[in-house]
1. From (1) touching a Lys or Arg at 6+ places or on another chain (Cβ under 8 Å); (2) assigned to a helix (DSSP H, G or I); (3) farther than 18 Å from B:Val209 by Cβ, pick out the condition that doesn't hold for B:Asp126.
2. Can you tell me which residue among A:Val33, A:Val71, A:Val57, A:Val87 is among the β-branched types (Val, Ile, Thr), free of Cβ contacts under 8 Å to residues at least 24 places away in the same chain, farther than 20 Å from A:Asp154 by Cα and in contact with a strand residue (DSSP E or B) (Cβ under 8 Å, 6 or more places away or on another chain)?
3. Return yes or no: is B:Ala68 over 30 Å from B:Gly3 (Cα atoms), assigned to a helix (DSSP H, G or I) and under 15 Å from the mean Cα position of the chain (by Cα)?
4. Residues that are assigned to a loop (DSSP other than H, G, I, E, B) and not small (Gly, Ala, Ser): does the stretch A:21-31 have at least one?
5. Got at least one residue in the stretch A:179-200 being at pLDDT below 95, touching a Ser or Thr at 6+ places or on another chain (Cβ under 9 Å), of a type outside the set (Gly, Ala, Ser) and closer than 27 Å to B:Asn89 by Cβ?
6. Can you pull out every residue in the stretch B:242-269 that is in a loop (DSSP other than H, G, I, E, B), out of contact with any helix residue (DSSP H, G or I) (no Cβ under 6 Å at 6 or more places or on another chain) and in contact (Cβ under 8 Å) with a residue 60 or more places away in the chain?
7. Quick one: is B:Ile36 in a loop (DSSP other than H, G, I, E, B), of a type in the set (A, V, I, L, M, F, W, C) and in contact with a Phe, Trp or Tyr (Cβ under 7 Å, 6 or more places away or on another chain)?
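The values are calculated or read from the model by the stated rules, or taken from the named source; none is laboratory data. None of the values given here were measured: they were computed from a predicted structure. Here Cβ is always computed from backbone atoms with ideal geometry, including for glycine, and neighbour counts include all displayed protein chains.
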Protein chains: 2
Amino acid sequence: MSGLSITAPDGIPEIGPGDDLATLIGDALAASVEGIHDGDILVVTSKIVSKAEGRHVAAADREAAITAETVRLVASRTHPGGITRIVENRHGLVMAAAGVDNSNTPDGTILLLPQDPDASARRLCDALRQRFGVALGVILSDTLGRPWREGQTDAAIGAAGIRVLDDYRGTLDTHGNLLAVSAAAVGDEIAGAADLVKGKAAGRPVALVRGLGHLVLPDPDNAGQSGTARGLVRPAENDMFRLGSDEAYALGFSDGQAATAALQRVPTDLPEKAASMSSVRSSK
Amino acid sequence: MSGLSITAPDGIPEIGPGDDLATLIGDALAASVEGIHDGDILVVTSKIVSKAEGRHVAAADREAAITAETVRLVASRTHPGGITRIVENRHGLVMAAAGVDNSNTPDGTILLLPQDPDASARRLCDALRQRFGVALGVILSDTLGRPWREGQTDAAIGAAGIRVLDDYRGTLDTHGNLLAVSAAAVGDEIAGAADLVKGKAAGRPVALVRGLGHLVLPDPDNAGQSGTARGLVRPAENDMFRLGSDEAYALGFSDGQAATAALQRVPTDLPEKAASMSSVRSSK
């Protein structure tokens, strides 16, 4: 078929620490009518990878777990239910609560993201390529919020054997114009597409995407950055939204105060003024 | 089939001002092997809607056109090729260059977004429902950049006859926990999925998505906000990233300077200080 099909095999059991995910997923694929073909892409909900890796933490330790997963606080907001922290984690992913997950987990526990999502994807990819003798790609997906838009979409937080960026730079459109869009984030589009199928049925954490063989890499070793989900992460220093608006404003305000105070060098009652200004800032 | 399939019918000609898009798309669907069924969703590249609506502007007027489409500047950055402006447009969409498009357009022209993308989607939806006698949904898609992540993904900028947000609030997961994720932005996930098929072949600006009939609305009139792409727009006042980091910092810096200068200039006049501070707070 010239298009794309996505199915979600059944038969994948509830996953627990130490389970051999590659074998369990492979068995479900082998038993499915779709089977597994050259050029197929598997999208695996990262939560079951976390479960297999035993990334459970007591729910009571949630805030400490988020702090431990955090490299950099991007923004936070207090609301009636507590504090939402948007943070950058060790993998460069900017996520609410650092990706720490408290849905669909056994009572009293929460789940951290896989230890190294690209490496987890690579292990799954290698094991399934070896078992079935086909070139396939693996994406680990998770659900992310976005600035400016309501709702969440699934995105690729781990990948192996597949190009996650489809680079159009330097190519011409049908009118001979140089294409302005630099690269399609196909890894994220595939993760989101798979969510449409996985999300509508309970207990189907894996989707099989067929029809995008041009994105599957013959050799996962020679992929470079765009062959891992890390390639979808924009470094903070290149990002116009690396810090929340309130956080950036507060930092600017404080620097503006300090700059003016230093310029004017009025030594008389500065400590008192500084205290008054901080209280104004924190009341915002 | 239990999953999802996406195909891109051929036979849609190059579109020009005044073309009857519903008839041209309908003819292509009628001639395709897939046909059109109850519950199908059509994803239409917004660019061909702009072309049919004659939204061409001379390329020389690009910067003025961006300014005219802009409601609010969110962030901008100067680079060797010029200035990139991320702006909010009349439809609440936050986009680079206000969505003004200079790829795949006739020489010497650029394209504005459709005048009212939700209304354009609705006209297509109504005409195709009437012609084929089936309940179908229509999404107009465009390509958006995202903070924090490399590459672009397609998103829904117009919609009719379909729920663009799949609301999970208040539902329980398989362990009986209340689901934390509020709503899946299925409209954007569908637009991105369609891009995977449209993007790999030139001259296929429409994709047919089959298998998501649960999202298609029997009556497009009773859809509320989540039945239009407007429902995917988060109002700026609720957004932690409503302003670029540099822009928010600069505003804070300037306010911080002014506040300190005001305090030091008039050390005894308390009422004036209070007034100055409240203007700082409300200017954010």
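1. (1)
2. Working: A:Val33 fails: in contact with a strand residue (DSSP E or B) (Cβ under 8 Å, 6 or more places away or on another chain); A:Val57 fails: free of Cβ contacts under 8 Å to residues at least 24 places away in the same chain; A:Val87 fails: farther than 20 Å from A:Asp154 by Cα.
Going through A:Val33, A:Val71, A:Val57, A:Val87 in turn, just one is among the β-branched types (Val, Ile, Thr), free of Cβ contacts under 8 Å to residues at least 24 places away in the same chain, farther than 20 Å from A:Asp154 by Cα and in contact with a strand residue (DSSP E or B) (Cβ under 8 Å, 6 or more places away or on another chain): A:Val71.
3. Numbers: over 30 Å from B:Gly3 (Cα atoms): yes; assigned to a helix (DSSP H, G or I): yes; under 15 Å from the mean Cα position of the chain (by Cα): no.
In short, no.
4. We begin by selecting, within the stretch A:21-31, every residue assigned to a loop (DSSP other than H, G, I, E, B); these are none.
Among the residues of the stretch A:21-31, not one is assigned to a loop (DSSP other than H, G, I, E, B) and not small (Gly, Ala, Ser), which makes the answer no.
5. Looking through the stretch A:179-200, at least one residue is at pLDDT below 95, touching a Ser or Thr at 6+ places or on another chain (Cβ under 9 Å), of a type outside the set (Gly, Ala, Ser) and closer than 27 Å to B:Asn89 by Cβ.
6. Taking the stretch B:242-269 first, the residues in a loop (DSSP other than H, G, I, E, B) are B:242-244, B:266-269.
Now drop any that are not out of contact with any helix residue (DSSP H, G or I) (no Cβ under 6 Å at 6 or more places or on another chain), which leaves B:244, B:267-269.
Passing the criteria: only B:Gly244.
7. Numbers: in a loop (DSSP other than H, G, I, E, B): yes; of a type in the set (A, V, I, L, M, F, W, C): yes; in contact with a Phe, Trp or Tyr (Cβ under 7 Å, 6 or more places away or on another chain): yes.
Yes: the conditions hold for B:Ile36.
Residue by residue, here is whether (1) more than 11 Å from chain B (Cβ to nearest Cβ); (2) hydrophobic (A, V, I, L, M, F, W, C) holds:
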residue	(1), (2)
A:Gly11	yes, no
A:Leu24	yes, yes
A:Val33	no, yes
A:Ile36	yes, yes
A:Val44	yes, yes
A:Ala64	yes, yes
A:Pro80	yes, no
A:Gly92	no, no
